[in-house]
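The values are calculated or read from the model by the stated rules, or taken from the named source; none is laboratory data. From a predicted model like this one, the values you see are computed outputs, not experimental measurements. Because the Cβ atoms are built from the backbone with ideal geometry, glycine has one as well, and the counts that use them run over all protein chains shown.
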């Protein structure tokens, strides 16, 4: 059942099944050479893939990228036969490791419902690195995602702090972003009006910046620790990720950020294309869902499949994340990027939007999003076009280790395929 | 904002929520046990709310030199397809263009039957998803076979035209899955109309949406009423089927006496709930059963045997791969996704190879469905994802085979296999011309014909949206959807 594409083991290479868990590259002194790949390094300098290129990984690090790279003795060699090698794919902003079952609240830790604005709510403390979902997504080529707290009814429009994480079971990255929901969907969290959202945010900023402000407790929005955390976050120029779709709301968010000197990214941004010039001028990135083309709310009347293409054409930095945040949704990021290409986004930009760009936005570009010499290896060898739904990974390396392509899903598959073949009815 | 009672229906919520729906249906190729016992069972008119659909005017159209996926498992390369009088007139090599025919250069293009989505809530949960548009679940009683989804359809849902661009020419619109019996589902042609009757597929059987598992027991359990458990679900269904059997018997007795010339007979009182259930027992209405878990599907198969009806399709059926042979033996289709999992406990064992393993059983009937206003726009990609996972496990599915999951098998699941779903002579000319192999993320529809009439042409974009809702909206100015 573990059927693998053609892999030639050359020279003194070690013979190991690709699917063997954590084979090879994780043992000290081991090395892996991917020979003759089409390498999408996705570095800032690059603008096209490198054909016929070898990538050598030693002790978990990329040590050579080029033609005819020599394989040290004992190197496992994989002939890519021209297939695409990309950095690991971004799983988007969501709940991988923060929920196991969407509707089972006991398994879901992505939102606080304390009825208070708690910017100090740090969702990364809920991260479960042993959720089976990490293994499933990783085996499908996703190597990092962003743990994004949600603004839930009973909580606050300031959802709290989140962070990027690798899907190799390592701890979330130390850098934090602050997640905030704006617009009609958050009206329930702002007393019924989107205008009150900016009012509440401004009050929170005032409280954080003036900790000695005399206020009776009931007038305060933030707890003492909330003020402290928010102040530190502002001093560090932390990233506020603002969920907002309507064009005028995006424009207001840009003005608010300018006045308050906030570092922001737009998330969702269904109508961002209508304010593309302003977004480009403000150098504010947009994290969008290219499949979001229906006016499914009155904040999205201008939603279109060409959002990503138009934003890129205007020079806006674009990353891709599916709007849905469930444990399975990360699997659709790559498909969404492919659809963005189908609807006019340059392919290189679409691959960047699911590799380097989100890694840069969330502060983990040193670990994810590009293939560079000296970096911890994070690469995926694809059976075909890296953005096509007809392709799947043949090799996944992240955190410097070759990862298994087996998961709970393949275990279920294998067990029950045997039963189907045996003619068992139930 | 995350909110389970929100007026928006994000994807996972749709399949998971109280406000959700799913449906599963059976196919109509095997006569149900009760089909021969046709009785009148007294609707006031033979076909209330009749279809007023009329094929648009069309000219004979010859598509030349394309790769053609017939829908019956065959593929023809460099082949021609002739549409005439709204029907498939011929498929083959070097066909002659009739006088006045429009000839389309199909070289490099792929031609397939129009895609069919057997699980849609377009119109009943339309965009925009405002509270006033929540028309998909009559969640006031666990048994509402008396309601008809078609009476909730808002034809101005912009989702219809987006689905058309994805190649969808027929869709089956269902009530949600809050109830054990959710109501009648309906097949519609994907054309723009002011009233749903003008979309309604002529002479198509109704479906009856039923739901297993978490949704009914959650919705009614929270109200401290039956069902609050899975055993309560089964008890709830059986009680209704027993009533339907009695209702059928009463009507049959009445008809027999009436036929024997008895005078002064009063017909039994009509009951809209039982009329639908009796229609199922007579084989005229097809069961579309929302059911995730293999063990629950096995119970439903037994229940159908107990009461003498057939399940046409299980919908969602995320564990269908565990009982592929059982489904095939009972001629039940499984309408599935590729990669939805984990949004509720009963979807925890969903795997992307589900469609492959259902297909692997002899006689297996895989259908790829959407349950989503986004997914319906790219059913071809949904199938392609499953095919990729099949290939990874060593099962290569060819395009000419996979297209059946979106066409012929789907038509079978909703009882329309004699009318649509393949490019065989005499069928309705519902045809899609693609710019390449449709099982790719880069594939786009170029021309879409419904009953031989060109309904979508990417080369000549519409100047105005079809949906009234999008007319005159400043924010939508300049949108190319």
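Quick one: in the range A:401-423, which of the residues that are assigned to a helix (DSSP H, G or I) and surrounded by 18 or more Cβ atoms within 10 Å (Cβ to Cβ) is farthest from the chain's Cα centre (by Cα)?
Let us first name the residues in the range A:401-423 that are assigned to a helix (DSSP H, G or I), namely A:408-421.
Then drop every residue that is not surrounded by 18 or more Cβ atoms within 10 Å (Cβ to Cβ), which leaves A:409-410, A:412-413, A:416-417, A:420.
Numbers: A:409: 22, A:410: 24, A:412: 27, A:413: 27, A:416: 32, A:417: 33, A:420: 37 Å.
Taking the candidates together, the pick is A:420.
Considering only residues of the range A:172-194 that are without any contact (Cβ under 8 Å) to a residue 12 or more places away in the chain and in contact with a helix residue (DSSP H, G or I) (Cβ under 9 Å, 6 or more places away or on another chain), which is farthest from residue A:299 (Cα to Cα)?
Going residue by residue through the range A:172-194, those that are without any contact (Cβ under 8 Å) to a residue 12 or more places away in the chain are A:174, A:187, A:191-193.
Adding the requirement that they be in contact with a helix residue (DSSP H, G or I) (Cβ under 9 Å, 6 or more places away or on another chain) leaves A:187, A:191, A:193.
Working: A:187: 12, A:191: 18, A:193: 13 Å.
Ranking the candidates gives A:191 first.
Can you name the condition, by its number, that residue B:363 falls short on among (1) within 21 Å of the chain's Cα centre (by Cα); (2) surrounded by fewer than 24 Cβ atoms within 10 Å (Cβ to Cβ); (3) part of a helix (DSSP H, G or I)?
Going through (1) within 21 Å of the chain's Cα centre (by Cα); (2) surrounded by fewer than 24 Cβ atoms within 10 Å (Cβ to Cβ); (3) part of a helix (DSSP H, G or I) one by one, residue B:363 breaks only (3).
A quick yes/no check of all residues on (1) touching a residue at least 12 places away in the same chain (Cβ under 8 Å); (2) under 28 Å from residue A:136 (Cβ atoms):
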{"position": "A:247", "(1), (2)": "yes, no"}
{"position": "A:251", "(1), (2)": "yes, no"}
{"position": "A:261", "(1), (2)": "no, no"}
{"position": "A:283", "(1), (2)": "yes, no"}
{"position": "A:288", "(1), (2)": "yes, yes"}
{"position": "A:301", "(1), (2)": "yes, no"}
{"position": "A:325", "(1), (2)": "yes, yes"}
{"position": "A:331", "(1), (2)": "yes, yes"}
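Give the residues of the range A:323-345 that are at the interface with another protein chain (Cβ under 9 Å from one of its Cβ atoms), touching a helix residue (DSSP H, G or I) at 6+ places or on another chain (Cβ under 8 Å) and assigned to a helix (DSSP H, G or I), sorted by residue number.
Those that are at the interface with another protein chain (Cβ under 9 Å from one of its Cβ atoms), touching a helix residue (DSSP H, G or I) at 6+ places or on another chain (Cβ under 8 Å) and assigned to a helix (DSSP H, G or I): A:329, A:331, A:335, A:337, A:338, A:339, A:341.
Only one of (1) in a loop (DSSP other than H, G, I, E, B); (2) more than 13 Å from chain A (Cβ to nearest Cβ) is not met by residue B:436, so which one is it?
Among (1) in a loop (DSSP other than H, G, I, E, B); (2) more than 13 Å from chain A (Cβ to nearest Cβ), residue B:436 violates only (2).
From (1) in contact with a helix residue (DSSP H, G or I) (Cβ under 8 Å, 6 or more places away or on another chain); (2) assigned to a loop (DSSP other than H, G, I, E, B); (3) farther than 13 Å from residue B:155 by Cα, pick out the condition that doesn't hold for residue B:210.
(2)
Hey, can you tell me all the residues within the range A:346-370 that are within 14 Å of another protein chain (Cβ to nearest Cβ) and surrounded by 24 or more Cβ atoms within 10 Å (Cβ to Cβ)? Reasoning before the result, please.
The first filter runs over the range A:346-370 and keeps only residues within 14 Å of another protein chain (Cβ to nearest Cβ), leaving A:346-347, A:350-351, A:354.
Within the range A:346-370, A:350, A:351, A:354 meet the criteria.
Provide a single number: the residues in the range A:399-418 that are free of Cβ contacts under 8 Å to residues at least 40 places away in the same chain and at the interface with another protein chain (Cβ under 7 Å from one of its Cβ atoms).
Step one: filter the range A:399-418 for residues free of Cβ contacts under 8 Å to residues at least 40 places away in the same chain, giving A:411-412, A:415-416, A:418.
Remaining after also requiring at the interface with another protein chain (Cβ under 7 Å from one of its Cβ atoms): A:412, A:416.
The number of residues fulfilling the criteria is 2.
Of the numbered conditions (1) assigned to a strand (DSSP E or B); (2) away from every other protein chain (no Cβ under 14 Å); (3) in contact with a helix residue (DSSP H, G or I) (Cβ under 6 Å, 6 or more places away or on another chain), residue B:309 satisfies every one except a single condition; which is it?
Among (1) assigned to a strand (DSSP E or B); (2) away from every other protein chain (no Cβ under 14 Å); (3) in contact with a helix residue (DSSP H, G or I) (Cβ under 6 Å, 6 or more places away or on another chain), the lone unmet condition for residue B:309 is (1).
With (1) out of contact with any helix residue (DSSP H, G or I) (no Cβ under 8 Å at 6 or more places or on another chain); (2) modelled with pLDDT of 95 or more; (3) within 12 Å of chain B (Cβ to nearest Cβ) as the list, and residue A:105 as the residue in question, which single condition is left unmet?
(2)
Whether any residue in the range A:82-93 is in a strand (DSSP E or B) and over 20 Å from residue A:358 (Cβ atoms) is what I want to check. Step through it out loud before you land on a result.
Looking only at the range A:82-93, we keep the residues that are in a strand (DSSP E or B), and these are A:84-87, A:89-93.
Next cut, over 20 Å from residue A:358 (Cβ atoms) only: none.
No, the conditions are met nowhere in the range A:82-93.
Hey, could you check the range A:218-234 for residues that are closer than 17 Å to residue A:180 by Cα and over 25 Å from the mean Cα position of the chain (by Cα) and say which is surrounded by the fewest Cβ atoms within 10 Å (Cβ to Cβ)?
A:231
Could you grab me the full set of residues in the range B:393-418 that are surrounded by fewer than 23 Cβ atoms within 10 Å (Cβ to Cβ), more than 12 Å from chain A (Cβ to nearest Cβ) and in contact with a helix residue (DSSP H, G or I) (Cβ under 7 Å, 6 or more places away or on another chain)?
B:417
Out of B:145, B:98, report the one residue that is touching a strand residue (DSSP E or B) at 6+ places or on another chain (Cβ under 6 Å) and not in a strand (DSSP E or B).
On the way: B:98 fails: touching a strand residue (DSSP E or B) at 6+ places or on another chain (Cβ under 6 Å).
Criteria check complete, one pass: B:145.
Filter the range A:128-156 down to the residues that are surrounded by 20 or more Cβ atoms within 10 Å (Cβ to Cβ) and assigned to a loop (DSSP other than H, G, I, E, B) and list them by number.
A:131, A:140, A:141, A:148, A:149, A:150, A:151, A:155, A:156
Would you be able to tell me the number of residues in the range B:323-353 that are facing chain A (nearest Cβ under 7 Å), surrounded by fewer than 24 Cβ atoms within 10 Å (Cβ to Cβ) and in a helix (DSSP H, G or I)?
4
Can you spot a residue in the range A:380-391 that is under 27 Å from residue B:381 (Cβ atoms), touching a strand residue (DSSP E or B) at 6+ places or on another chain (Cβ under 9 Å) and part of a helix (DSSP H, G or I)?
No, the range A:380-391 contains no residue that is under 27 Å from residue B:381 (Cβ atoms), touching a strand residue (DSSP E or B) at 6+ places or on another chain (Cβ under 9 Å) and part of a helix (DSSP H, G or I).
Among (1) within 24 Å of residue A:321 (Cα to Cα); (2) modelled with pLDDT under 95, there is one condition residue A:249 misses while meeting the rest; what is its number?
(2)
Only one of (1) within 10 Å of chain A (Cβ to nearest Cβ); (2) within 25 Å of residue A:416 (Cβ to Cβ) is not met by residue B:374, so which one is it?
(2)
Against the condition buried (at least 21 other Cβ atoms within 10 Å of the Cβ) and within 17 Å of the chain's Cα centre (by Cα), how does residue A:121 come out, does it pass?
Working: buried (at least 21 other Cβ atoms within 10 Å of the Cβ): yes; within 17 Å of the chain's Cα centre (by Cα): no.
No: the conditions fail for residue A:121.
Condition test on residue A:134, is it within 14 Å of the chain's Cα centre (by Cα) and free of Cβ contacts under 8 Å to residues at least 40 places away in the same chain? Explain how you work it out, then say what you get.
Numbers: within 14 Å of the chain's Cα centre (by Cα): yes; free of Cβ contacts under 8 Å to residues at least 40 places away in the same chain: yes.
Yes: the conditions hold for residue A:134.
All but one of (1) in a helix (DSSP H, G or I); (2) touching a residue at least 12 places away in the same chain (Cβ under 8 Å) hold for residue A:232; which doesn't?
(2) is the only condition that residue A:232 fails.
Checking the condition more than 14 Å from every other protein chain (Cβ to nearest Cβ), within 30 Å of residue B:253 (Cα to Cα) and at pLDDT 95 or above, which residue from B:98, B:50 passes? Talk me through it step by step, then tell me what you get.
Numbers: B:98 fails: within 30 Å of residue B:253 (Cα to Cα).
The conditions single out B:50.
Pick from the range A:286-300 the residues that are surrounded by 24 or more Cβ atoms within 10 Å (Cβ to Cβ) and more than 15 Å from residue A:324 (Cβ to Cβ): which of them is nearest to the other protein chains (Cβ to nearest Cβ)?
This residue is A:295.
Could you look through the range B:243-268, keep only residues that are within 32 Å of the chain's Cα centre (by Cα) and free of Cβ contacts under 8 Å to residues at least 12 places away in the same chain, and pick out the one that is nearest to residue B:307 (Cα to Cα)?
Filtering the range B:243-268 down to residues within 32 Å of the chain's Cα centre (by Cα) leaves B:243-249, B:251-252.
Now restrict to residues that are free of Cβ contacts under 8 Å to residues at least 12 places away in the same chain: B:246, B:249.
Working: B:246: 12, B:249: 13 Å.
Once the filter is applied, the top-ranked residue is B:246.
Go through the range B:110-142 and count every residue that is over 21 Å from the mean Cα position of the chain (by Cα) and either modelled with pLDDT under 95 or farther than 24 Å from residue B:191 by Cα (or both).
Total meeting the criteria: 5.
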